[in-house]
Amino acid sequence: MYRKTWLEVNLDAIEDNVRTIHAICGKRFIAVLKADAYGCGDIEVANAVLRAGASMIAVSSLDEAMMLRNQGCGAEILILGATDPRDAALMEKENITVAAYSPEFAADLAAAGCAGLKVHLAIDTGMTRIGYRSFEESRAALKTLLDAGAKVTGIFTHFSCSDFDPEFTDRQYQIFADTVKGLNYGFDWIHCDNSDATINFRDPVSNACRVGISLYGISTYKNDLKRPLSFYSTIIMAKQVHEGDRVGYGATYTAKEGEWIATVPVGYADGFVRANQGRHVYVDGELCEIVGRVCMDQMMIRLPHRMLTGTKVELFGEHIPLEDMAKDLNTIPYEIICLISGRVTRTYVEHGRVIGEANERLTKSINAGE
Ligand SMILES: *Cc1c(COP(=O)(O)O)cnc(C)c1O
């Protein structure tokens, strides 16, 4: 890392959260690490959750599964989203489990040849995204896959409102439970609970939980999980300005006499979106307003007094909770962390100290020059 703007990922805290959540639900733990582990780094987070006892890793696509395999991850991997039946042989060879999610997919997979491939049936119980939409569809898919020699090792559904609507969740759950019972097949993996349902919903049918966001301490129902993520930058210049000086594109902020304005090297190309204008960051014990428009690579903040170049700026973390930032921006924590771009270096803390950093793009450009 040359530019001092980074996402700090505390792997100890992620491991603690896995153990805490596992103790609550008592079921096998599937860690959902799609989208580069919600932007935190797929292999780094994978190794942490596996150390803490996770049994399986879920991703969204074969690309993501192969990224993990290519980095040496030998764990059980489940792809929750769509795959191409023509990749069946590769997925079987790599011991990657796929979701079967439509009548068409099951037929195409059978036609492509899927002997030995591990498959989980995705059941649509109310999300209306992917999955079998009736018992008959589920039963037909199971038969098609078994006849083609696939190993149907699991069945799952996904809740759409486990964060606020217990009635709807229960309705989804009943459909799922009836499907599992009606199919009367020896599924090894039965799973329906996302983070909020794992912590808040008691379900007697599933035997594994499927946790994503709560790995990072975010939960509707539990506020004492560890907080592994902090997003930081630094002051690169601080200047005292005069009455009437304008700040940033569009000159949207007019300074008062003597104000200290600092420039911070983070911008919307880092995923720190323009809507952050007017919010606050935390610097050396003080909340400082983001003044003027957020630029692509830089932004300006108003300091309460002079501060030195190199002073650390917290964008979110201990003093500015990610949830508060999400509320301010009218979004959810998931979106904020997934949007932190590949330009931002990730640093990793283990056993209380920084053990290394990763910047996919920087490494890639160095390799290309060799
Ligand atoms: C993203 C996802 C999860 C994880 O959800 P969280 O709310 O982050 O725990 C679980 N299951 C499926 C199918 C998903 O797409």
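Considering only DSSP beta bridges where both residues belong to the chain, give the percentage that are antiparallel (nearest 5). Before the final figure, lay out each step's value.
On the way: 32 of 65 bridges.
Rounded to the nearest five, the antiparallel share is 50 percent.
The alpha-carbon atoms of the stretch 182-234, seen along their principal axes, cover 58, 19, 12 angstrom, with the largest extent given first. Computed from point charges on the beta carbon alone (+1 for Lys and Arg, -1 for Asp and Glu), the dipole magnitude for the chain about its Cα centre is near 320 Debye. Reported value for the stretch 223-323: 93 Å³ per residue, from the convex hull of its C-alpha atoms. Based on alpha carbons, the Rg and Dmax found for the stretch 1-159 are 16.9, 57 Å.
The phi-based Karplus calculation (6.51 cos²θ - 1.76 cosθ + 1.60; θ = phi - 60°) puts the 3J(HN,Hα) values of the stretch 44-57 at 5, 5, 4, 4, 5, 5, 5, 4, 7, x, 4, 9, 7, 10 Hz, whole numbers, x for Gly and Pro. Between the helical axis of 166-183 and the longest alpha-carbon principal axis of the chain there is an angle of about 30 degrees. Cα axis of helix 360-369 to longest principal axis of the chain: angle in degrees, 0 to 90, nearest 10? Approximately 80 degrees, to the nearest ten. Within the straight-line cut-off of under 19 Å between alpha carbons, the lysines reachable from K312 are K4, K239, sequence neighbours fewer than 8 places apart in one chain being disregarded.
The listed residues T83, T252, T128 rank as T128, T252, T83 when sorted by accessible area, largest first, using a 1.4 Å probe.
Order the following by accessible area, largest value first: H305, H120, H351. Probe radius 1.4 Å; ligands, DNA and RNA are ignored.
Details: H305 75, H120 0, H351 155 Å².
Most to least solvent-accessible, the answer reads H351, H305, H120.
Note on K27: aspartates and glutamates with a C-alpha under 12 Å away, same-chain residues under 8 apart excluded, are D193, D203.
Please work out, to two decimal places, the log10 of the ratio I(q)/I(0) at q = 0.09 Å⁻¹ from a Debye calculation in which every Cα of the chain carries one identical scatterer. Log10 I(q)/I(0), no solvent term: -0.59. Sorted largest first by accessible area at a 1.4 angstrom probe radius, with every protein chain in place, the residues C338, C73 fall in the order C338, C73. Rolling a 1.4 angstrom probe over the protein heavy atoms with all chains in place gives the chain an accessible area of 45 Å² per residue.
The values are calculated or read from the model by the stated rules, or taken from the named source; none is laboratory data. Computed from a prediction, not measured in an experiment: that's the story for all the values here. Heads up, the Cβs are rebuilt from the backbone with ideal geometry, glycines too, and the neighbour counts pull from every protein chain shown. What goes into the accessible areas is simple: the full protein's heavy atoms, side chains included, and nothing from ligands, DNA or RNA. Shrake-Rupley method; radii C 1.70, N 1.55, O 1.52, S 1.80 Å.
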